[in-house]
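Where a number appears in this text, it was derived from the coordinates with a stated rule and is not lab data. This is a predicted model, so every value here is computed, not measured. Here the Cβ positions follow ideal geometry from the backbone for every residue, glycine too, while neighbour counts run over all protein chains shown.
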Amino acid sequence: MPSPSDTRRRTASPFRTVEPRPGIHASGRKRSIRSHPLVVGLSLSVLFPAMVVSQSRPAAPLAVTPTAAQPARTPSPYIGSVMALLATFEDAGVLPPEGTPQANGIIKAAIQFQSAFLKSHHPAVQQFFAEAHRVKFGTRAVEVEASFRQSGWSADTFDAVIEAGQSANAWSETGLGDAFREFNIGKPDFDILAQLYQQSTAAFSTQGKTFQEVYAQRRREMPGAKSE
């Protein structure tokens, strides 16, 4: 039988640790996401409340056993895609210290924008998502969108929506901000992800890598990878 301390470690936040640590700067960050994928998977399965966080519906309590209740509610590909995104940001050295409001905000944004693009029936969200792929990929748009709906974030979809969201018109004229409120997110949350993407892309370019390459490698290491 696991001890209480083992249980706490398994249900900790992806950025939290059992004992406090000194602040970690980007150049010396410990790669907890990549080193402890099981902990992250269990944490994200608790944080995913049926793919939508609702202000009126509290999140699932930490006492819930993820292996018994959560897989049916949150398929592992969608957990794995968020884990891979966080791990990619970590590889770039752009994640804030563990357990901070900034770190929690990144988790929320990664989860909830994926949820919105998967689940929202609002015309503004559907139009934004489809148009982002059409502009970026042309005839490949349908293929990339289908991959997202099956497996969650890919580097291609993330790149497409981040690029599309940089347009001022995307937020001021389409009602997109109002549509995302159902998922308790908005432009400030989107801007967090956009900034991390830009910083990661710049960091990887100095190493002769691309965001797409690093994400693809991290995705293969996470739950729900196509090779599983």
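Out of all Cα-Cα pairs in the stretch 76-220, roughly what percent, to the nearest whole number, are more than 19 Å apart? So the portion of pairs separated by more than 19 Å is 50 percent.
Computed from label points 7 Å out along Cα-Cβ, the spacing between Q166 and R134 is 2.1 nm. Charges were assigned to the Cβ only: +1 to each Lys and Arg, -1 to each Asp and Glu. The resulting dipole of the stretch 76-220 about its Cα centre is roughly 280 debye. Spin-label model, Q126/Q212: points 7 Å from Cα along the beta carbon direction are separated by 2.9 nm.
Candidates A164, F117, V142 compared by Cα position along the dipole of the stretch 76-220: farthest toward the positive end lies V142, with charges placed on Cβ. Between R181 and Q102, the C-beta separation translates, for a Förster distance of 25 Å, into a calculated FRET efficiency of about 0.70. In summary, the lysines within cross-link reach of K209, defined as a Cα separation below 28 angstrom excluding same-chain residues under 8 places away, comprise K30, K108, K136, K226.
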